[in-house]
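*Asks:* After the structure tokens below, expect a handful of questions from me.
The values are calculated or read from the model by the stated rules, or taken from the named source; none is laboratory data. Note that the coordinates shown come from a computational prediction; the quantities given were computed from them, not determined experimentally. Positions of Cβ are generated from backbone atoms using ideal geometry, with glycine treated the same way; all protein chains shown enter the neighbour counts. Heavy atoms of the whole protein, side chains included, go into the accessibility calculation; ligands, DNA and RNA do not. Shrake-Rupley method; radii C 1.70, N 1.55, O 1.52, S 1.80 Å.
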Amino acid sequence: MGEASAAAELERLQIDILRRISALESSILPESSSPSLPDDESQTVSRLSAILRSGGVKDFSFKRVAPDYYDWPLESRRDVLGASSVDHLCKSIVLVNTQASSDIVDCSDRNNSKYYVVVVQYTARFNAEAVKNFLYSLNEGKIPKKRFNLRLAPEETSIELTGFEHNAVTCVGMKTSIPVILDEAIAKLKPDFFWLGGGEIDLKLGVRTSEFLDFVKPFVVPCS
């Protein structure tokens with residue numbers, strides 16, 4: 001191994017050790033229902049914290065991550081956040097119903113919306129067909145199944161609707177009140193505290209699942 005590659009390997013090991021130390025420190029700190037906020041509390045953190053508190057959510061945490069966070073393997077992301085497992089790492093994606101009737105243009109009808117935000121695990125494969133079947137059943141078959149075709153919304157549409165950039169999307173404090181669908185697998189996680197986007201690309205939000213359910217009131221659907 002050459003000097004350059006040896007130095008690179010040493011740096012990688014040092015970074016990994018630091019992440020593990022951070023995760024260990026998080027795991028031995030006493031649990032508290034008081035929200036945990038990053039030292040450099042931003043306007044986004046302040047705004048979303050106020051929204052969460054006003055909605056009765058007490059057990060949540062914001063954590064700032066490195067700029068190259070999304071280049072890391074899930075195990076390293078888990079460690080730096082102090083998440084219980086890689087299955088506790090989740091993302092919010094904006095979907096558009098491309099086959100909705102021409103009169104369905106917004107999110108005013110929760111049961112038959114033009115857009116939905118789906119929260120899924122990074123370790124899961126999203127099943128659009130399951131959501132399609134759920135919405136068909138939700139509307140008691142009164143809307144033809146062919147009128148439901150959920151696809152990833154264009155990035156500019158997602159930003160316009162949520163106010164959040166790619167990799168920053170969260171279903172808390174969105175510009176538009178978009179109905180939320182939570183994958184049932186997340187609701188079953190133990191312990192019941194999961195992580196998702198926090199409104200900024202390098203900001204993550206951890207939240208108690210039961211409080212999230214009470215506040216966001218998502219549809220809980222097996223969709224992975």
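*Asks:* What distance in nm separates the simple spin-label points at GLU140 and ALA66, each placed 7 Å from Cα in the Cβ direction?
*Replies:* The answer from the label model is 5.5 nm.
*Asks:* Starting from the coordinates of the alpha-carbon atoms of the range 46-105, obtain the Kirkwood hydrodynamic radius over all distinct pairs and give the value in Å to one decimal.
*Replies:* Result for the range 46-105 stands at 14.9 Å.
*Asks:* Over the range 92-168, what percent of the accessible surface lies on carbon and sulfur atoms, probe 1.4 Å?
*Replies:* Reported share for carbon and sulfur atoms: 44 percent.
*Asks:* Volume per residue, Å³, of the convex hull around the alpha-carbon atoms of the range 128-222?
*Replies:* Taking the convex hull of the Cα positions in the range 128-222, it is 107 Å³ per residue.
*Asks:* Continuing with the same structure: In square angstrom, what is the accessible area per residue of the range 128-192 with a 1.4 angstrom probe?
*Replies:* Normalised by residue count, the accessible surface of the range 128-192 is 53 Å².
*Asks:* Right, another one. Between the range 69-106 and the range 177-224, how far is it from one alpha carbon centroid to the other, in angstrom?
*Replies:* Measuring centre to centre over Cα atoms gives 10 Å.
*Asks:* Once label points are set 7 Å from the Cα along Cα→Cβ at both THR98 and ARG47, what is their separation, rounded to one decimal in nm?
*Replies:* 3.1 nm
*Asks:* Where nothing but the Cβ of Lys and Arg (+1) and of Asp and Glu (-1) is charged, how large is the charge dipole of the range 39-129 around its Cα centre, in debye to the nearest 20?
*Replies:* Dipole size: approximately 200 debye.
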